[in-house]
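First the structure, in the form of structure tokens, and then the observations on it.
The values are calculated or read from the model by the stated rules, or taken from the named source; none is laboratory data. Remember, predicted model here, so these are calculated numbers, not experimental data. Cβ: placed from backbone, ideal geometry, glycine included. Neighbour counts: every protein chain shown. Just the protein is used for accessible areas: all its heavy atoms, side chains included, with ligands, DNA and RNA removed. Shrake-Rupley method; radii C 1.70, N 1.55, O 1.52, S 1.80 Å.
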Amino acid sequence: MAKKNLIVGQSGGPTAVINSSLYGVVSEGLSHPDTIEHVYGMVNGIEGFLNDCILDFEEALPGEDLNGLKSTPGAYLGSCRYKLPESLEDPVYPALFKKFEELNIGCFFYIGGNDSMDTVSKLSRYAEHIGSSIRVIGEPKTIDNDLVHTDHTPGFGSAAKYVASTVREITTDANVYEKKSVTIIEIMGRHAGWLTAASALARKYDGDNPLFIYLPEVAFDQDVFLKDLEKAFEKNCNLIVCVSEGIHDADGTFICEYDSSVGTDTFGHKMLAGCGKYLENLVRSRLGVKARSVELNVSQRCSASLISATDQKEAITAGKFGVQAALNGETGKMVSFIRQTDSEGNYQMVCGLEDVNAICNEEKTVPLTWITSDGHDVTEDFIRYARPLIQGNIEVPLGEDGLPKFVYRK
């Protein structure tokens, strides 16, 4: 392809390694000066791009400064939750592609989850419709791990490590008391329970807490829940319960809706939170025992202190692979992860490409065969799946104040 420019954006919720994917895209783009003249970033995603908010990485993070992205959580470029119109006849599309042409953009990369892949799909289809040569690639990102046609997603491994570590710490705290208690830990996950399932990694031995893990893949019955707790008290004084924010009853009503009104975001998704507090009050009133709830909230998705080295490495690899694929002529694709094993049976990952149109607006849930028959735990199959993804630590650089040193937009 003739010498062009590359542009990359981030969308949706941030993660601990979304900037590692960004590093992969930018560093690989800068390594092809004969093909790529400038590497631009969209500030606040496609919405910011429409408002002419862009930066040049050689000016924003020159030289070694770019390395700071690898240990900086959140989204360096900023994010958005802007949904492109369904109709490709909408005037926003020619406006976008006019801006691409003015900036001499040859490659477009979008780092995000399901809704971001919807953007990639629409832009690539519009490019094909008008005969544009721009290459559009999706870089996967989501702690929810719910993208289809990929073994897992960047961001999940670090979030899973944070969840498991935090649940282990909470368990250690709860075990110092002899009085009966129930601690309910609410973890992100609207329809897919991958991240809540990762709490099982916190166990040190059979029968260790968390004793109960509830995922949205299985209907939640409050009466059965209370009976299970009463039975568990026969052997355990302190019970740790992990629940996905999206647990629901057999009729599909979210448990959090029992207690409060629920709003929706710009994509029409219910903004879920509060099931932990509802269950805390339920346990206290019905069982008469000490109960508390802990909502892990945003820390679980973008904590730098527990970045998985495996997750970081794979995020960078995905970013680089996407640029190489675009330079080889690929478009309308999402970078995927393919799980393999070496000759000794050890975990390995290689990148592939999948049609983004088969990915957007689909959702991968935890297989029911990985959930125990009683509906409140996961099987060893999940443990074997998740454990390799949380391995390894990284050293986050510290500033003169003794706190993590991150890179920021100026």
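Just a few scattered comments:
- The condition of being under 20 Å from Leu327 (Cα atoms) and either β-branched (Val, Ile, Thr) or in contact with a helix residue (DSSP H, G or I) (Cβ under 6 Å, 6 or more places away or on another chain) (or both) does not hold for Glu186.
- Among the conditions (1) out of contact with any Ser or Thr (no Cβ under 8 Å at 6 or more places or on another chain); (2) under 22 Å from Pro140 (Cβ atoms), Ile46 misses just one, which is (1).
- Check on Leu103, at pLDDT 95 or above and open to solvent by less than 40 Å² (accessible area, probe 1.4 Å): no
- Residue in region 11-23 that is more than 25 Å from Asp118 (Cβ to Cβ) and either among the aromatic types (Phe, Trp, Tyr) or part of a loop (DSSP other than H, G, I, E, B) (or both) present: no
- Among the candidates Ile390, Ile307, Ile394, residue that is touching a residue at least 60 places away in the same chain (Cβ under 8 Å), of a type outside the set (Phe, Trp, Tyr) and either open to solvent by 60 Å² or more (accessible area, probe 1.4 Å) or closer than 30 Å to Leu229 by Cβ (or both): Ile390
- Figure legend. Inter-residue proximity from region 326-346: first residues farther than 23 Å from Thr119 by Cα, second residues hydroxyl-bearing (Ser, Thr, Tyr) and modelled with pLDDT of 95 or more, beta-carbon distance below 9 Å, spacing 6+ or different chains. Indicated pairs: Ile338/Thr150; Arg339/Tyr347; Arg339/Tyr385; Gln340/Tyr347; Thr341/Tyr347.
The rows are residues; the columns are (1) surrounded by fewer than 23 Cβ atoms within 10 Å (Cβ to Cβ); (2) of a type in the set (Phe, Trp, Tyr); (3) free of Cβ contacts under 8 Å to residues at least 12 places away in the same chain.
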site	(1), (2), (3)
Lys3	yes, no, no
Gln10	no, no, no
Ile36	yes, no, no
Pro62	yes, no, yes
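- Screening Glu217 with (1) touching a Gly at 6+ places or on another chain (Cβ under 7 Å); (2) open to solvent by less than 20 Å² (accessible area, probe 1.4 Å); (3) of a type outside the set (Gly, Ala, Ser); (4) at pLDDT 95 or above gives one miss only, at (2).
- Ser199 meets the stated requirement of being buried (at least 24 other Cβ atoms within 10 Å of the Cβ) and among the polar types (S, T, N, Q).
- The condition (being open to solvent by 10 Å² or more (accessible area, probe 1.4 Å) and polar (S, T, N, Q)) is satisfied by just one residue among Ser133, Ser116: Ser133.
- When the residues of region 1-26 are filtered to those that are touching a strand residue (DSSP E or B) at 6+ places or on another chain (Cβ under 9 Å) and among the hydroxyl-bearing types (Ser, Thr, Tyr), the one that is nearest to Val163 (Cα to Cα) is Thr15.
- Some residue of region 64-78 being under 20 Å from the mean Cα position of the chain (by Cα) and among the polar types (S, T, N, Q): yes
- Selection count, region 341-364, where residues are outside any loop (DSSP other than H, G, I, E, B) and either open to solvent by 40 Å² or more (accessible area, probe 1.4 Å) or charged (D, E, K, R) (or both): 9
- Flag if Gly375 is more than 26 Å from Val17 (Cα to Cα), in contact (Cβ under 8 Å) with a residue 12 or more places away in the chain and either loosely packed, with under 11 Cβ neighbours inside 10 Å or not acidic (Asp, Glu) (or both): yes
- Of Val148, Val167, all but one fail to be open to solvent by less than 10 Å² (accessible area, probe 1.4 Å), β-branched (Val, Ile, Thr) and over 18 Å from Leu6 (Cα atoms); the exception is Val167.
- The residue that is nearest to Asn67 (Cα to Cα), among those in region 365-393 that are under 19 Å from the mean Cα position of the chain (by Cα) and assigned to a loop (DSSP other than H, G, I, E, B), is Gly392.
- Considered as a group, the residues in region 378-387 that are under 23 Å from Leu229 (Cα atoms) and of a type outside the set (S, T, N, Q) include one that is most open to solvent (accessible area, probe 1.4 Å), and that residue is Glu380.
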